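Right, one structure below, let's go through it.
Bear in mind these aren't lab numbers, they're just calculated from the coordinates by the rules spelled out. These numbers were taken from a predicted model, which means no experiment stands behind them. Every residue, glycine as well, gets a Cβ built from its backbone with ideal geometry; the counts of neighbours run over all protein chains shown.
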Amino acid sequence: MKPELVLVGPMMPHVMEALDEDFIVHRLWEASDRDALLAKAAPRARAIGTNGHLGASAALIDALPKLEIIGCYGVGTDSIDLDHAAARNVIVTNTPDVLNDDVANMAIALLLATSRRICEGDRYVRSGKWLKSNMALTRSIRNRKMGILGLGRIGKSIAEKAAVFGMEISYHGRRKQDDVPYRFFDNLVEMAQDSDYLVAICPGGEATNKIVNRAVMEALGPEGTLINVARGSVVDEPELVSALQDGRLGAAGLDVFEEEPKVPEALLAMDQVVLQPHAASATVETRHAMGDLVVKNLRAHFAGQAVLTPVR
Ligand code: NAP
Ligand code: 8YV
């Protein structure tokens, strides 16, 4: 008898096929009555498949008394109630490392797009403005300073790539790392003060909620740029909008937002802002690898083996 799994949202077709092979899958997002589907699955469902956006609340975990494992399609687990899962002895897995390269590439793409004003240049050509005059000069990134908030797996990949462009790297986190060649700041405002670009790539959740606040943005300053590929919750979004409006912050490259897929209206009209629809890991190759890892973790667990990438 196949184990039963509640799938919170759709995954790539090859992942769904693989899950269908090994599990009886309850498709929660398709249910007109979620509670009824959960009540039907409850006596037997031993797994949840979810993603970083949909997560797994304490209520969802409690709706499934036989739950053993949650497989998250994504590395960030801030939308999963990890404490509650631990209290219920439920294993949580995520998809670390396989997405480092593409997420770091998105940070670099946003860095170049904001400094070289790529999207504005594109609009300049399309609108015919170039026929009347040349666009204003942009900024080089060589010899400029990047402060990384969260020098973890992805942060380190961003640092390596930025170093190739000739940038000077520093980082802020809860502790100094002895095995990296970058300058450590134990104070985020001080790092922002010292940086031309601040790249946020730490986890979301309570500990980092609005950690990029007004003081940090003002320290970054009118010539400074904020790149956020972490979580929308990490940045005080109303303060970001007003800092950009007032020119207290120079520019922003944003992949993530507080209330996705909603984006503050004011940002849409700003030429100094480059926006992405939470797409940093969204390449065919990386999403494929993430999906494979979700399946491998679930298969390992139900084969009586240790999971590959447990959280905590
Ligand atoms: P990771 O390896 O765990 O690295 C996280 C880093 O953040 C660590 O260096 C950690 O350093 C630092 N950190 C943790 N808590 C902190 C705090 N309270 N204050 C300051 N720094 C803190 O994680 P990762 O795999 O690089 O992923 C990082 C995050 O990126 C994910 O959690 C996710 O939210 C986000 N992400 C976004 C996308 C996207 O599509 N935009 C894709 C993938 C990941 P210390 O332990 O020294 O503090
Ligand atoms: C995914 C992410 O887009 O891994 C993460 O933390 O934010 C992204 O890779 C997301 O988890 C899919 O919903």
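Quick one: which residues, 5 or more positions from Val92 or on another chain, have an amide H under 5 Å from its amide H? H modelled 1.01 Å from N in the peptide plane, none for Pro or chain starts.
The list, which skips near neighbours in sequence, is Ile70, Val311.
Can you check what the net charge comes to around Ala136, using other residues whose Cβ is under 14 Å from the Cβ of Ala136 (Lys, Arg +1; Asp, Glu -1)?
+4
Looking at the chain, what % of its DSSP beta bridges pair antiparallel, to the nearest 5?
5 percent
Can you give the helix-only mean residue ellipticity at 222 nm for the chain, where every DSSP H stretch with n ≥ 4 adds -39500 (n - 2.57) and the sum goes over all residues, rounded to the nearest 500 deg cm²/dmol?
Calculated mean residue ellipticity at 222 nm is -10500 deg cm²/dmol.
Mind listing the phi-derived Karplus ³J(HN,Hα) values for segment 277-290, rounded to whole Hz, using 6.51, -1.76 and 1.60 with θ = phi - 60°, and x for any glycine or proline?
Whole-Hz 3J(HN,Hα) from phi for segment 277-290: x, 6, 10, 4, 9, 8, 10, 4, 5, 6, 4, 4, 5, 5.
Name the residues whose placed amide hydrogens come within less than 5 Å of the amide hydrogen of Val274, ignoring near sequence neighbours (fewer than 5 apart) on the same chain.
When sequence neighbours closer than 5 places are left aside, the close amide H contacts are Ala252, Gly253, Leu254.
Just want the answer: with Cβ charges of +1 for Lys and Arg and -1 for Asp and Glu, which residue in Ile118, Leu137, Pro96 is farthest toward the dipole's positive end in segment 95-155?
Result: Leu137.
Go through segment 67-80 residue by residue and turn each phi into a ³J(HN,Hα) via Karplus (6.51, -1.76, 1.60, θ = phi - 60°); whole Hz please, and just put x for glycine and proline.
4, 10, 8, 10, x, 9, 8, x, 8, x, 10, 5, 8, 9
Can you pick out the pairs among Lys262/Lys296; Lys129/Lys161; Lys176/Lys210; Lys145/Lys210; Lys145/Lys296; Lys129/Lys156 whose Cα atoms lie more than 30 Å from each other?
Lys262/Lys296; Lys129/Lys161; Lys145/Lys296; Lys129/Lys156
Normalising by the residue count of segment 100-275, find the relative contact order in percent from Cα pairs under 8 Å and 6+ residues apart.
This gives 21 percent for segment 100-275.
With the crude spin-label approximation of a point 7 Å out along Cα→Cβ, what separation in nm comes out for Trp29 versus Lys2?
Label at Trp29, label at Lys2, 1.9 nm between them.
Kindly write out, for segment 186-192 in residue order, the coupling ³J(HN,Hα) from the Karplus curve 6.51 cos²θ - 1.76 cosθ + 1.60 (θ = phi - 60°), rounded to whole Hz, with x marking Gly and Pro.
These are the phi-based 3J(HN,Hα) values: 8, 10, 5, 4, 5, 5, 4 Hz.
Quick one: if you stick a label point 7 Å off each Cα along the C-beta vector at Arg312 and Val284, how many nm between them?
So the label points at Arg312 and Val284 sit 3.9 nm apart.
Mind checking the dipole of the chain: about its Cα centre, +1 per Lys or Arg Cβ, -1 per Asp or Glu Cβ, Debye to the nearest 20?
480 debye
Which of Arg126, Arg153, Arg116 moves most in a GNM of the chain, Cα contacts under 10 Å?
Arg126
Give me the extension gain from Asp194 to Ala215: residue separation times 0.36 nm, minus the current Cα-Cα distance, reported in nm with one decimal.
Contour length minus the Cα-Cα distance gives 6.2 nm.
For the chain, take the convex hull of the Cα atoms, compute a quarter of its surface area, and give me that in nm², please.
For the chain, averaging the hull's shadow over all directions gives 18.0 nm².
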